[in-house]
Amino acid sequence: MAVIVVHLVVGVWLQRVVPVFGLAVGCLALSRWSGARPRWSAAVLIGFLFGLLGSGLSVAAWDEVRPDRLGPFVGWSCLVTDPTPRNGSVVAVFDVEGERFEAWARGSPRRRLTDHLAGECAQISADRRVISGSAARRAAVRHIVGGLHITAIGEWAEGPPMSTASNRVRRLFAAGAARLSWPDRALFAGLVIGDDRDEPQEMIDGFRASGLSHLTAVSGSNVAFVLAAAAPLLRRLKPLARWIATIAVIGWFVALTRFEPSILRAGVMAGIASTGYLLGRERPPRRVLTLAVGLLVLVDPLLVWSVGFWLSVAATAGVAVLSGPLARLIPGPHWLALPIGVTLGAQLAVAPISLVVFGSLPLVSIPANLLAVPVAGVVMLYGLPAGLLAGALSDLDLLGRVGRPLGFVVQLPSAAGTHWVATVAAVAAKVEPPAPWPNVGWFAVVVFCTARALCKCGQRGRLPDHRRR
């Protein structure tokens, strides 16, 4: 399976037949040299075909992000993303006649956009324009074909039923999050549903510098906690009904968190795992991740150019493949070695991407993750039902002035956990050593793990005297 997916990704990425053919020839030569089973050769041949398919899909996907129509537009258009404040403007993506355009709204359009969410539709007067320079490619990866200069926004209307339902939940959750103090409420929304639009730039920079920015990107842990919260109800159902309900919960949460690349990866993996459980054919996480990547790239080839997607895939692969061996190399009790191994596995796996894209990999991310991740997990598990309950209590007129204080009490654990995570990120960002010391530190970590692995191999290689005789 891995060989097939690698060929597919290479075909999508390079968009050429020759590199895919070269990869297939190299894999076949390696299989002959290593004496691999015939099934390996068949997988390489199938992978070559998928590489050709990926190349064609990639070319077609890039052709689709070229605008068919530019110029003036007057009519109904629906929001694809939630409006996000940025540099004195509000940024939003609109669906205009089946194509996505990105708008930077100021003035009156900015005020008219602020309180609305993805899926809602408005009558707009706008001008569709070409995006130039490097911004064009970054926009195209998100299926955006051009820019939109909005001159006026008229009346609004609700969108499709699914969008309307998810928006009601998000607004109810936002009312519950308002029980927290600023800026913890913005971080709380990021931890639970990935809504980081209102996070101040200082907080964003602190989380990046401390290696904790992954906590506000909704991923597998969030899906796992949502399924854990729904488990008491799911266990009461028969297998087929439980599978249908599980897929429905996953789909609902993916829609609630706006189909970000990381949550798409997590949702597809959860769906594959639940399907395997239903069929009695459970697979290890590595196989599930490989299959999820292949399916997502087939559906949306442009994900190959998404940094967020590959960070999510790499971190998951690091946890699945490296965490166990690394935990066994770390001296100390298992309850401490395992979380350190998980943190190291994820950080080492994302290191190449982080170094190429961001230029650094924070050294403090190891202790910061050990301190923040367990508490963030509690916030993720408790936060969604607590936020919805607090929002509902705040809106209750029957309780008069009692609803808001009750909502505050319900959110006390969320407030404490969120503030702890924010504090860890802020302190870690301040103590992060300047370059080149983080790279030196990571080199020392790699040397230590390598030395421990060699020592363990040497110990296993030495036989006791009575066995030598």
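The values are calculated or read from the model by the stated rules, or taken from the named source; none is laboratory data. Everything numeric here is computed off the predicted structure, so don't read it as measured data. Glycine gets a Cβ as well: all are built from the backbone with ideal geometry, and neighbour counts include every protein chain shown. Heavy atoms of the whole protein, side chains included, go into the accessibility calculation; ligands, DNA and RNA do not. Shrake-Rupley method; radii C 1.70, N 1.55, O 1.52, S 1.80 Å.
Does any residue of region 141-159 turn out to be under 24 Å from residue 88 (Cβ atoms), free of Cβ contacts under 8 Å to residues at least 24 places away in the same chain and part of a loop (DSSP other than H, G, I, E, B)? For region 141-159, residues under 24 Å from residue 88 (Cβ atoms), free of Cβ contacts under 8 Å to residues at least 24 places away in the same chain and part of a loop (DSSP other than H, G, I, E, B): absent. One residue alone among 287, 265 is at pLDDT 90 or above, open to solvent by less than 50 Å² (accessible area, probe 1.4 Å) and either charged (D, E, K, R) or not in a helix (DSSP H, G or I) (or both), and that residue is 265.
Checked against the criterion of being open to solvent by less than 20 Å² (accessible area, probe 1.4 Å) and farther than 23 Å from residue 187 by Cα, the candidates 361, 336, 344, 384 yield just one match: 344. Within region 167-183, can one find any residue that is at pLDDT below 90 and closer than 30 Å to residue 301 by Cβ? No, every residue in region 167-183 fails to be at pLDDT below 90 and closer than 30 Å to residue 301 by Cβ.
What is the residue count in region 89-132 for residues that are open to solvent by 60 Å² or more (accessible area, probe 1.4 Å) and either closer than 23 Å to residue 201 by Cβ or not acidic (Asp, Glu) (or both)? Within region 89-132, residues that are open to solvent by 60 Å² or more (accessible area, probe 1.4 Å) and either closer than 23 Å to residue 201 by Cβ or not acidic (Asp, Glu) (or both) number 14.
Checking each residue in region 268-284 for being open to solvent by 30 Å² or more (accessible area, probe 1.4 Å), in a helix (DSSP H, G or I) and either closer than 21 Å to residue 140 by Cβ or of a type outside the set (Ser, Thr, Tyr) (or both) picks out 268, 272, 273, 278, 279.
All conditions but one from (1) part of a helix (DSSP H, G or I); (2) touching a helix residue (DSSP H, G or I) at 6+ places or on another chain (Cβ under 9 Å); (3) open to solvent by 30 Å² or more (accessible area, probe 1.4 Å); (4) not hydrophobic (A, V, I, L, M, F, W, C) apply to residue 58; the one that does not is (3). Tell me yes or no: at least one residue of region 66-87 is touching a strand residue (DSSP E or B) at 6+ places or on another chain (Cβ under 9 Å), on the phi > 0 side of the Ramachandran plot and buried (at least 21 other Cβ atoms within 10 Å of the Cβ). No, that holds for no residue. A single member of 302, 311, 295 is open to solvent by 60 Å² or more (accessible area, probe 1.4 Å) and either under 27 Å from residue 81 (Cβ atoms) or in a loop (DSSP other than H, G, I, E, B) (or both), and it is 295. Looking only at region 316-333, which residues are within 18 Å of the chain's Cα centre (by Cα) and either exposed (fewer than 13 other Cβ atoms within 10 Å of the Cβ) or touching a residue at least 40 places away in the same chain (Cβ under 8 Å) (or both)? Hit for region 316-333 is 316, nothing else. Out of the residues in region 246-262 that are among the hydrophobic types (A, V, I, L, M, F, W, C) and within 25 Å of residue 64 (Cβ to Cβ), state the one that is surrounded by the fewest Cβ atoms within 10 Å (Cβ to Cβ). Result: 259. All conditions in (1) in a helix (DSSP H, G or I); (2) of a type outside the set (Ser, Thr, Tyr); (3) at pLDDT 95 or above hold for residue 94, with the sole exception of (1).
On inspection, residue 164 fails the criterion of being in contact (Cβ under 8 Å) with a residue 12 or more places away in the chain and outside any helix (DSSP H, G or I). Annotation: residue 202 fulfils all but one of (1) modelled with pLDDT of 90 or more; (2) open to solvent by 50 Å² or more (accessible area, probe 1.4 Å); (3) under 17 Å from residue 79 (Cβ atoms); (4) not polar (S, T, N, Q); the unmet one is (3). Listed conditions (1) under 30 Å from residue 455 (Cβ atoms); (2) among the hydroxyl-bearing types (Ser, Thr, Tyr); (3) at pLDDT below 90; (4) out of contact with any Gly (no Cβ under 6 Å at 6 or more places or on another chain) are all met by residue 316, apart from (3). Can you tell me which residue is nearest to residue 24 (Cα to Cα) among those in region 39-55 that are at pLDDT 85 or above and open to solvent by less than 40 Å² (accessible area, probe 1.4 Å)? The selected residue is 51. Only residues that are more than 18 Å from residue 155 (Cα to Cα) and either touching a His at 6+ places or on another chain (Cβ under 6 Å) or touching a residue at least 60 places away in the same chain (Cβ under 8 Å) (or both) were counted in region 69-125, giving 5.
Checked against (1) open to solvent by 30 Å² or more (accessible area, probe 1.4 Å); (2) within 20 Å of the chain's Cα centre (by Cα), residue 182 passes all but a single condition, namely (2). If the condition is being touching a Lys or Arg at 6+ places or on another chain (Cβ under 8 Å) and farther than 21 Å from residue 215 by Cα, then region 226-270 contributes 234, 235, 242.
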